[in-house]
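See below for the structure under consideration.
Nothing in this text is a laboratory measurement; each read-out follows from the coordinates by a stated rule. On a predicted model such as this, the values are computed, not experimentally measured, just so you know. Every residue, glycine as well, gets a Cβ built from its backbone with ideal geometry; the counts of neighbours run over all protein chains shown.
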Amino acid sequence: MSKISIIGAGMTGSTSAAWLAEREIADLVLVDVVEGMPQGKALDLLEAMPVLGKDVVVVGSNDYATTKGSDIVVITAGIPRKPGMSREDLLTTNAEIVGTATRESLKYSPEAIFVVLTNPLDTMAYLTMKVGKLPPQRVVGQAGVLDSARMRAFVALETGVSVENIHCYVMGGHGDEMVPLTRASNIAGIPLDEYLSADKLAAIVERTRKGGGEIVSLLKTGSAYYAPAAAIAQMTEAILKNKHLIVPAAAYMQGEYGLTDMFFGVPVQLGRTGVEKIHEYKLTNDEKAALQKSAAFVKESINILHNLVKI
Ligand code: APR
């Protein structure tokens, strides 16, 4: 059995474990700094396995030694942005947490592929690669699957068509400047802009961009976790099963789309070695301009990171 360790057993980490356990593709380890919590959640999940009929071992721990020999390490550890907290403060705190998670995990799983979820996503994935001195293909950030899933869900609600027929692609940084590629999105091959009026499509794009905030304002005390966790399950399964699955996700840019030395949301092909390939769309000038705008925000965040920590 393969092994996936999830660092950060909070809402997203533990929900990822639940989705993954149902897929029966790997034994699971939950690690957190809070004493007892990962152990308790892991035991609870383990006790669900007989009901679900899945032979998966789930272990919780405060000690990275438990993660030894992981094929994949998922990093969801971090703190959310609190009222009054600056972006720099959030970056400093989460950089410390994600840096430690990377270093400690690598001690016990030197060959692991890292799937990063902690925000600010593109910057934290960049940090993981730099701190771990990892080849770019072994680090991928989850954001695009979530953003695209939100768009797909909204299109399904609007049209009444199965979510399985709806294909949407959201590129760019994980923020309000993300770029929903409506031109490449379709319903069973029919372009979205033929299916929906311009007004309806614009409203869906706007709701997608603000999708994270919509959930935060409803929950009040936290952010989305079901959909982000489902995205983690899909991506880690694609890696373990060597599916060569193309998903929108954050990967290290080395000239693709004219971008270098940053993580950015692009179509990524996932297989057993991690990021096998980055696919490139032929973009219109408007799409290129939107991507550049989004890239500028990510670059700014990475520059702040460079000023804060030596990597
Ligand atoms: N090592 C391990 N775990 C840590 C550490 C650390 N150094 N610091 C904090 N954690 C744990 C917390 O104890 C908490 O259980 O990370 C967990 C984060 O869980 P939640 O607060 O429930 O946050 P969640 O909603 O899961 O989001 C996690 O993903 O989507 C992003 O923006 C989100 O960055 C956030 C991350």
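Of all lysines in the structure, the ones whose alpha carbon falls short of 19 Å from that of K288, not counting any fewer than 8 places away in one chain, are K299. Is the shape of the range 173-255 rounded, prolate or oblate, going by the alpha carbon gyration tensor and its root eigenvalues a ≥ b ≥ c, with a/c under 1.5 for rounded and a/b larger than b/c for prolate? Oblate, since a/c reaches 1.5 and b/c is not below a/b.
What translational diffusion coefficient, to the nearest whole µm²/s, does the range 144-308 have by Stokes-Einstein, given a Kirkwood radius computed over alpha-carbon pairs, a temperature of 10 °C and 1.306 mPa s viscosity?
Rounded to a whole number, D works out at 96 µm²/s.
Remark: relative contact order (the range 1-111) = 30 percent; criterion is Cα-Cα distance under 8 angstrom and separation of 6 or more residues.
For S185, the residues whose modelled amide H falls within less than 5 Å of its own, excluding neighbours fewer than 5 places apart on the same chain, are Y169, L192.
Helix 37-52 and the longest principal axis of the Cα set of the chain meet at an angle near 80°.
For the chain, the Kirkwood estimate of hydrodynamic radius, built from reciprocal distances between every pair of different alpha carbons, is 19.6 Å. What angle, in degrees between 0 and 90 and rounded to the nearest 10, separates the Cα long axis of helix 144-159 from the longest principal axis of the Cα atoms of the chain? Rounded to the nearest ten degrees, it is 50. Of T236, T284, T66, the residue with the greatest mean-square motion in the GNM of the chain, using alpha carbon springs below 10 Å, is T284.
Among residues other than K299 whose Cβ falls under 10 Å from its Cβ, what is the net charge (Lys/Arg +1, Asp/Glu -1)?
Around K299, the surrounding residues sum to -3.
For the range 190-203, backbone phi angles converted through the Karplus equation (6.51, -1.76, 1.60; θ = phi - 60°) give residue-by-residue couplings of 7, x, 4, 6, 8, 7, 10, 5, 4, 5, 5, 5, 4, 5 Hz, Gly and Pro being listed as x.
Packing, taken as the mean count of other beta carbons within 10 Å per residue, orders the peptides 146-152, 134-140 from highest to lowest as 146-152, 134-140. Residue ranges 241-251, 35-45 sort as 241-251, 35-45 when ordered by packing (mean number of other C-beta atoms within 10 Å per residue, highest first). 3J(HN,Hα) along the range 55-72, derived from phi through the Karplus expression 6.51 cos²θ - 1.76 cosθ + 1.60 where θ = phi - 60°, amounts to 8, 10, 8, 10, 10, x, 7, 9, 10, 5, 4, 5, 7, 3, x, 6, 7, 9 Hz, with x in place of Gly and Pro. Ranked by the mean number of other Cβ atoms within 10 Å per residue, highest first, peptides 96-103, 116-123 order as 116-123, 96-103.
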